[in-house]
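Read the structure below first, then the notes.
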Amino acid sequence: MSSTFLIQKMSQADTFIYDEVPYPSFVFPQTHPDRLATMGRLMGIPTADPDECRVLELGCGDGTNLCSQAYSLPKSSFIGIDLSTVEIESANKTVAELGLFNIEFRQADVTGLNVEKLGTFDFIIAHGLFSWVPDAVRPALLDIYRTCLAPNGIGYISYNALPGCHIRRITSDLMQYHSRNETDAITKVGVGIAGLSEIASAASDDSVYQMMLFLEAEQIAERTLENVFHDDHSAYNQPFYFHEFCSMIADRGLSFVCEAEPSDMLDKDLSDKALEYLDSVTNDPLVRSQYRDFITGRRFRSSLICRSSNKPATSPKPSKIDRLFLSTQLTSSDSARYDDDSTVQFDSASGNNLKLNHPLTKFVLLELERCRPQTPSFSELLDTAELSLEDEFLGDEHIERLRGFLLQMFLAGFVKLHSFRLPVTSEISTRPTVSKFARWQLSRGSKTVTTFNGSNLEIEIPAVAKLISLLDGTREVSDLVKLIAAEYGSDQPISDVETMVKENLKSLLNARLLVD
């Protein structure tokens, strides 16, 4: 029996599994071309502009992630490939419902793709695929990156990481064994989870092992049954050490760039003792990353890669901010001053805050707050600052400090950097219209909606979800108030409902969900 036939037989089994239990629909912000391009540029790679690029997603599932990108980037083109016929049929249905014209979905096995005919792509995505395929498939997957990644392209590959996944393997094996006699997929998951809870309770009280089992059970309880089925009951689930991943991509002329999450570049979760140890062990950034995984027990990575000829930087460069665009959701008090060295506190929606007294940096954050939802460029912000600040706050030293502060705030999640100007409306129209993709998400029962830069916004209040579903451009604000009042505000003064509607419209505007 040939190896090709073996791969085909395993692929047919996988197709049946994903056809029987489709993988849950998600939008992954870390895979958005804007994020990939921005991270690449910070690391010294002149990536393509997201609003005119070519994107390939391998293992695209039902296409939700890629459709969100195609909707927000109409001048770019997208191809999604998945083994499951059911998932591809669902993806094509979404394309028709949203009226997308810049995306194509194909049912195919990655081992049989004609990569030369595919052409080159500025961004290639494989989320939740690399660890969950047979060993014989993984080389073919990497060959696609080697052949199809554009000269300045960025590839995204997520995978289960070691050493943390040694613990995950224990609970996965436990659940699979406990549910071994079940044939129905969802029943199997429920029985497995129940077994994990029972065994955790039966383990020695207050032991390290019991604590580990309880912690794993807690995080599993937060996921859908379908997600647990594919992630923890899969026949294929191969984690890797970071150094193993780097060796695999190096064999194909590819190099590690950085992680897709900006916060992964910070060592804020490490103690001084851990940092001292890392400094003493090595000066090699890749080796340091591996030791960092050993210290933190890392269990998952979302790694960005490029062609080795690009020679990515070992850390993000503040100077690269000069050619980027910025936004923030930070808020400040009305009395905040930028023209002196007084301290100003900026608050985030999550409850975190930061305090600054550097005049130029304060001005930039206040200007970003004022002009929200627009995304001005770094140079535009400096031009505006020149009209408002004294020359003593605008010298090269202050600009250099500004770059450093902005980079640190980006890595910490207080500021977002973009590689293009986001296509958003700047005011609430007489007949407000929300993103068609967001309305489509709610119509499918989603609890989150996706903004134009790929961020997910949780919608917890039914009245707000209803408001978003009504924002199709056919109703004036007064009409929206009447409809919301009739369904949710019968016990409230109409003025209170009107205030709620207008406040939420402003929030949707600032979140970049409203369109012209």
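The values are calculated or read from the model by the stated rules, or taken from the named source; none is laboratory data. Computed from a predicted model, the values in this text were never measured in an experiment. Cβ atoms come from the backbone with ideal geometry, glycine included; neighbour counts cover every protein chain shown. The accessibility values were calculated without ligands, DNA or RNA, using every heavy atom of the protein model including side chains. Shrake-Rupley method; radii C 1.70, N 1.55, O 1.52, S 1.80 Å.
Take the residues of segment 420-445 that are open to solvent by less than 40 Å² (accessible area, probe 1.4 Å) and either assigned to a helix (DSSP H, G or I) or out of contact with any Leu (no Cβ under 8 Å at 6 or more places or on another chain) (or both): which is modelled with the lowest pLDDT?
Ranking the qualifying residues of segment 420-445, first place goes to LEU422.
Is at least one residue of segment 205-225 open to solvent by less than 30 Å² (accessible area, probe 1.4 Å) and of a type in the set (D, E, K, R)?
yes
Picking from LEU402, LEU417, which residue would you name as being more than 26 Å from SER76 (Cβ to Cβ) and surrounded by 17 or more Cβ atoms within 10 Å (Cβ to Cβ)?
The conditions single out LEU402.
Of all residues in segment 320-375, how many are outside any strand (DSSP E or B), without any contact (Cβ under 8 Å) to a residue 24 or more places away in the chain and acidic (Asp, Glu)?
Matching residues across segment 320-375 total 4.
Which of the residues spanning segment 80-94 are crowded, with 21+ Cβ neighbours inside 10 Å and either β-branched (Val, Ile, Thr) or not in a loop (DSSP other than H, G, I, E, B) (or both)? Talk me through it step by step, then tell me what you get.
Keep residues of segment 80-94 that are crowded, with 21+ Cβ neighbours inside 10 Å, which gives 80-84, 87-88, 91, 94.
GLY80, ILE81, ASP82, GLU87, ILE88, ALA91, THR94 - these are the residues of segment 80-94 that are crowded, with 21+ Cβ neighbours inside 10 Å and either β-branched (Val, Ile, Thr) or not in a loop (DSSP other than H, G, I, E, B) (or both).
Just one of (1) within 25 Å of PRO423 (Cα to Cα); (2) surrounded by 13 or more Cβ atoms within 10 Å (Cβ to Cβ); (3) hydroxyl-bearing (Ser, Thr, Tyr) trips up THR296, so point out which.
Checking THR296 against (1) within 25 Å of PRO423 (Cα to Cα); (2) surrounded by 13 or more Cβ atoms within 10 Å (Cβ to Cβ); (3) hydroxyl-bearing (Ser, Thr, Tyr), the one that fails is (1).
Would you say LYS268 is part of a helix (DSSP H, G or I), of a type in the set (Lys, Arg), open to solvent by 40 Å² or more (accessible area, probe 1.4 Å) and closer than 30 Å to LEU382 by Cβ? Write out each step before concluding.
Details: part of a helix (DSSP H, G or I): no; of a type in the set (Lys, Arg): yes; open to solvent by 40 Å² or more (accessible area, probe 1.4 Å): yes; closer than 30 Å to LEU382 by Cβ: yes.
Answer is no for this residue.
Give the number of residues within segment 101-116 that are open to solvent by less than 60 Å² (accessible area, probe 1.4 Å) and at pLDDT below 95.
Qualifying residue count for the region: 6.
Is there a residue being open to solvent by 60 Å² or more (accessible area, probe 1.4 Å) and not charged (D, E, K, R) anywhere in segment 358-368?
no
Determine whether LEU389 is modelled with pLDDT of 90 or more and either in contact with a helix residue (DSSP H, G or I) (Cβ under 7 Å, 6 or more places away or on another chain) or open to solvent by less than 50 Å² (accessible area, probe 1.4 Å) (or both).
no
I'd like the full set of residues that are open to solvent by less than 50 Å² (accessible area, probe 1.4 Å) and within 18 Å of TYR241 (Cβ to Cβ), limited to segment 142-171. Even if it seems obvious, please write down each step before you answer.
Within segment 142-171, the first condition is being open to solvent by less than 50 Å² (accessible area, probe 1.4 Å), and the residues that meet it are 142-145, 148-150, 153-165, 168, 171.
Across segment 142-171, the qualifying residues are LEU142, ILE157, SER158, TYR159, ASN160, ALA161, LEU162, PRO163, GLY164, CYS165, ARG168.
SER204 is checked against (1) without any contact (Cβ under 8 Å) to a residue 12 or more places away in the chain; (2) in contact with a Cys (Cβ under 7 Å, 6 or more places away or on another chain) and fails just one. What number does that condition carry?
Checking SER204 against (1) without any contact (Cβ under 8 Å) to a residue 12 or more places away in the chain; (2) in contact with a Cys (Cβ under 7 Å, 6 or more places away or on another chain), the one that fails is (2).
Please pick out the residue among ILE461, ILE468 that is of a type outside the set (Ser, Thr, Tyr), open to solvent by 30 Å² or more (accessible area, probe 1.4 Å), within 24 Å of the chain's Cα centre (by Cα) and closer than 30 Å to PHE28 by Cα.
ILE461
Being assigned to a helix (DSSP H, G or I), at pLDDT below 95, open to solvent by less than 50 Å² (accessible area, probe 1.4 Å) and among the β-branched types (Val, Ile, Thr) is the filter here; which residues of segment 1-59 pass it?
ILE7, THR15 - these are the residues of segment 1-59 that are assigned to a helix (DSSP H, G or I), at pLDDT below 95, open to solvent by less than 50 Å² (accessible area, probe 1.4 Å) and among the β-branched types (Val, Ile, Thr).
Of (1) touching a residue at least 40 places away in the same chain (Cβ under 8 Å); (2) among the acidic types (Asp, Glu); (3) closer than 24 Å to LEU480 by Cβ, GLU460 satisfies all except one. Which?
Result: GLU460 fails condition (1) only.
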